[in-house]
1. Please work out which residue is surrounded by the fewest Cβ atoms within 10 Å (Cβ to Cβ), limiting yourself to region A:103-123 and to residues that are away from DNA strand D (no atom under 11 Å from the Cβ) and of a type in the set (Ser, Thr, Tyr).
2. Going by what's in this entry, would B:Leu18 be described as closer than 30 Å to A:Pro113 by Cα and at pLDDT below 95?
3. Give the number of residues within region A:65-111 that are touching a Ser or Thr at 6+ places or on another chain (Cβ under 9 Å), more than 14 Å from DNA strand C (Cβ to nearest atom) and charged (D, E, K, R).
4. List pairs: first residue in region A:55-78 and hydroxyl-bearing (Ser, Thr, Tyr), second residue within 12 Å of DNA strand C (Cβ to nearest atom) anywhere in the structure, Cβ distance under 6 angstrom, at least six positions apart or on different chains.
5. Hey, can you tell me all the residues within region A:116-127 that are within 11 Å of chain B (Cβ to nearest Cβ) and either more than 30 Å from A:Arg46 (Cα to Cα) or out of contact with any Gly (no Cβ under 6 Å at 6 or more places or on another chain) (or both)?
6. Quick one: A:Thr67 ticks every box in (1) surrounded by 20 or more Cβ atoms within 10 Å (Cβ to Cβ); (2) in contact with a strand residue (DSSP E or B) (Cβ under 8 Å, 6 or more places away or on another chain) except a single one, so which number is it?
7. For region A:145-156, indicate whether the set of residues that are crowded, with 21+ Cβ neighbours inside 10 Å and either more than 12 Å from chain B (Cβ to nearest Cβ) or within 16 Å of DNA strand D (Cβ to nearest atom) (or both) is non-empty.
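The values are calculated or read from the model by the stated rules, or taken from the named source; none is laboratory data. Just so we're clear, the structure is a prediction, and the values are computed from it rather than from any experiment. Note that each Cβ is placed from the backbone with ideal geometry, even for glycine, and that neighbours are counted across all protein chains shown.
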Number of protein chains: 2
Amino acid sequence: MADSEGGRPSAAAAPSDLKLDDYLPYRLSVAANAVSGLIARAYQARFDLTIPQWRLIAVLGEDGLSTQQALCARTLMDKVTVSRASAALVERGLVLRTPNASDRRSHRLALTPEGAALYRQIAPSALAYEAKLLTQFSPLEQQVAMKLLRRLQLAAIDLSGD
Amino acid sequence: MADSEGGRPSAAAAPSDLKLDDYLPYRLSVAANAVSGLIARAYQARFDLTIPQWRLIAVLGEDGLSTQQALCARTLMDKVTVSRASAALVERGLVLRTPNASDRRSHRLALTPEGAALYRQIAPSALAYEAKLLTQFSPLEQQVAMKLLRRLQLAAIDLSGD
DNA sequence: ACCAACAAGTTTCATTTGTAACTAAATCGA
DNA sequence: TCGATTTAGTTACAAATGAAACTTGTTGGT
């Protein structure tokens, strides 16, 4: 067993007691991974959609017409990601691109009737997943959690430029 | 402006009111992305470590000796990821591999003195980041959030096998 | 003892992801 | 009205990721 340098297990307690299991960025990453994986597998298997594709459908279903640039702002995804996801959805006939008269660099995107039908099918399933994940948490706890997630995001973005 | 087809925004409200902004898997993913990005950039710039590498150092700093398999279980990372991160750390002289007498397929990993020194340097900085992210939240709120993250992870894993 | 099943780690390969470079169009200033 | 800068979106390329195959070693049944 060893421990060639000290008397006790060779690792001393962390300077100010860092425990990975209780470290928020770690917990957040692991939890998000688990949830994303679950959702990704579900949508892949049932609807053959990736998460970026699903997000675009969700936003187009909510907001109606949009441009890719607006979708980037709305979903916080990279413009390359949005470009690729849009192309795939257009290809599958779920999204329609029409020229944007007021700016010929961009296009207007909207769900086709098929896309809208898919949206109406997916949305309840998405909400059901969320409900299953959130069982055991009171509305108040859920509110605290959502608030924390939003705040973490802002704080992280904020700290990025220091 | 515009809206070339109807009187109102062309998208109706979602079936049971799905709002992406309030959808937990989405919020979780976005928050985790922002936080991971922040941490990743910080450790890359200051210590030239990836997140997997940093996690291994954290666990080895906490626990002392370990095998890769144990590190996989502990960090919830893939064995390929752990293998590559270990190789890089050994290469840099931060981690030492010694043969495992009781099982010659595996090796024992531990921080070298340099690795331990780096750990002692990084840990306070990691805690400082966490503290900055968590300003504005009471200890109680933090506890709720941590509990929720753990529970979400378990629920997601649970739902994966249904 | 032996062979089948299994486990630790590594390597290979295909997919995903994001950064940077690029094209085309709009805007802004002189 | 022209050229410089900025923006929408795509393409090209490089790095990260993970599944599957592989290697080496262990274990358990007969």
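1. So in region A:103-123, the residues away from DNA strand D (no atom under 11 Å from the Cβ) come out as A:110-123.
Add one more test, that the residue is of a type in the set (Ser, Thr, Tyr), and what stays is A:112, A:119.
Numbers: A:Thr112: 16, A:Tyr119: 22.
Only one residue tops the list, namely A:Thr112.
2. Numbers: closer than 30 Å to A:Pro113 by Cα: yes; at pLDDT below 95: yes.
So B:Leu18 fits the description; yes.
3. Qualifying residue count, region A:65-111: 2.
4. Close Cβ pairs satisfying both conditions: A:Thr67/A:Ser106; A:Thr75/A:Arg55.
5. Kept after step one, since they are within 11 Å of chain B (Cβ to nearest Cβ), are these residues of region A:116-127: A:116, A:119-127.
Scanning region A:116-127 gives A:Ala116, A:Arg120, A:Gln121, A:Ile122, A:Ala123, A:Pro124, A:Ser125, A:Ala126, A:Leu127.
6. Going through the list (1) surrounded by 20 or more Cβ atoms within 10 Å (Cβ to Cβ); (2) in contact with a strand residue (DSSP E or B) (Cβ under 8 Å, 6 or more places away or on another chain), A:Thr67 breaks only (1).
7. no
Here's the yes/no breakdown for (1) within 14 Å of DNA strand D (Cβ to nearest atom); (2) of a type in the set (Ser, Thr, Tyr); (3) modelled with pLDDT under 60; (4) within 19 Å of B:Ile57 (Cβ to Cβ):
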| site | (1), (2), (3), (4) |
| --- | --- |
| A:Ala11 | no, no, yes, yes |
| A:Asp22 | no, no, no, yes |
| A:Ser29 | yes, yes, no, yes |
| A:Ala40 | yes, no, no, no |
